[in-house]
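Below: one structure, written as structure tokens.
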Amino acid sequence: MKVAYADPPYLGMAKFYDHPEGAAYDTIAGHQALIDRLSAEFPDGWAYSLSSTTLRDILPLCPADARVGAWVKPFASFKANVNPAYAWEPVIFRRGRKKDKPAPTIRDWCSVNIALKRGLVGAKPEGFAWWLFELMGMSEEDEFVDIFPGTGGMTRAWENWKRAQMPLFSRS
């Protein structure tokens, strides 16, 4: 299985990101093109991070079988005069590996603190990444593609997650 994760500059927020194509993501057309790419190139599954304020704009661009999960942030950056705080982010996800009946049920939300001092606005913490891999039903032989690698944190988390899945001792 080949699964992609996209964490593009959020709609209307390109000025906060140092991304060469950031301005394209200040348009609905830019997000539509990305969703179309994900659907065409990653039929096994994909996930897409966005802001809660743009969920109503971006969800209608997705295929009908896409679902919405939530990353809840028990510790988040609180900003002056912003109340209520932005303490969660939607994650649109599509497909992934079907779970067997005896497999543990994965929630469509996770509660993980934000990443601090990663050198890039919006960097995701490892706990978020591990939840995403479980949500998509991934296994260590699968391929994970981070469309916006930024700090490389998601790819490092994938390597760490795969190592954690491997048996410590031979089962022969």
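If a residue must be at pLDDT below 95 and of a type in the set (Phe, Trp, Tyr), how many such residues does region 116-172 contain?
The number of residues fulfilling the criteria is 2.
Among the candidates ALA129, ALA87, ALA103, ALA157, which residue alone is over 17 Å from LEU11 (Cβ atoms) and within 11 Å of the chain's Cα centre (by Cα)?
It is ALA129.
Could you check region 54-71 and list, in sequence order, the residues that are of a type outside the set (Gly, Ala, Ser) and either loosely packed, with under 13 Cβ neighbours inside 10 Å or farther than 23 Å from ASN113 by Cβ (or both)?
ARG56, ASP57, ILE58, LEU59, PRO60, LEU61, CYS62, PRO63, ASP65, ARG67
Can you name the condition, by its number, that ILE92 falls short on among (1) of a type in the set (Val, Ile, Thr); (2) within 15 Å of ALA6 (Cβ to Cβ); (3) part of a loop (DSSP other than H, G, I, E, B)?
With respect to (1) of a type in the set (Val, Ile, Thr); (2) within 15 Å of ALA6 (Cβ to Cβ); (3) part of a loop (DSSP other than H, G, I, E, B), ILE92 is out only on (3).
Given the conditions (1) at pLDDT below 90; (2) under 24 Å from ASP108 (Cα atoms); (3) crowded, with 17+ Cβ neighbours inside 10 Å, and given that SER49 satisfies all but one, which numbered condition is not satisfied?
Among (1) at pLDDT below 90; (2) under 24 Å from ASP108 (Cα atoms); (3) crowded, with 17+ Cβ neighbours inside 10 Å, SER49 violates only (1).
Starting from region 61-88, take each residue that is within 16 Å of ARG107 (Cα to Cα) and list its partners that are assigned to a loop (DSSP other than H, G, I, E, B) and β-branched (Val, Ile, Thr), counting only C-beta distances under 6 angstrom and pairs at least six apart or across chains.
Cβ pairs passing all conditions: LYS73/ILE114.
Might you let me know whether region 96-108 holds any residue that is surrounded by 19 or more Cβ atoms within 10 Å (Cβ to Cβ), under 19 Å from ALA129 (Cα atoms) and among the polar types (S, T, N, Q)? Reasoning before the result, please.
Step one: of region 96-108, the residues surrounded by 19 or more Cβ atoms within 10 Å (Cβ to Cβ) are 96.
If we keep only those that are under 19 Å from ALA129 (Cα atoms) too, we end up with 96.
Narrowing further to those that are among the polar types (S, T, N, Q): none.
No, because not a single residue in region 96-108 is surrounded by 19 or more Cβ atoms within 10 Å (Cβ to Cβ), under 19 Å from ALA129 (Cα atoms) and among the polar types (S, T, N, Q).
Can you name the residue in region 1-46 that is assigned to a strand (DSSP E or B) and not β-branched (Val, Ile, Thr) and is also surrounded by the fewest Cβ atoms within 10 Å (Cβ to Cβ) among such residues?
Only one residue tops the list, namely LYS2.
The values are calculated or read from the model by the stated rules, or taken from the named source; none is laboratory data. Quick caveat: nothing in here was measured; it's all calculated off a predicted structure. Cβ: placed from backbone, ideal geometry, glycine included. Neighbour counts: every protein chain shown.
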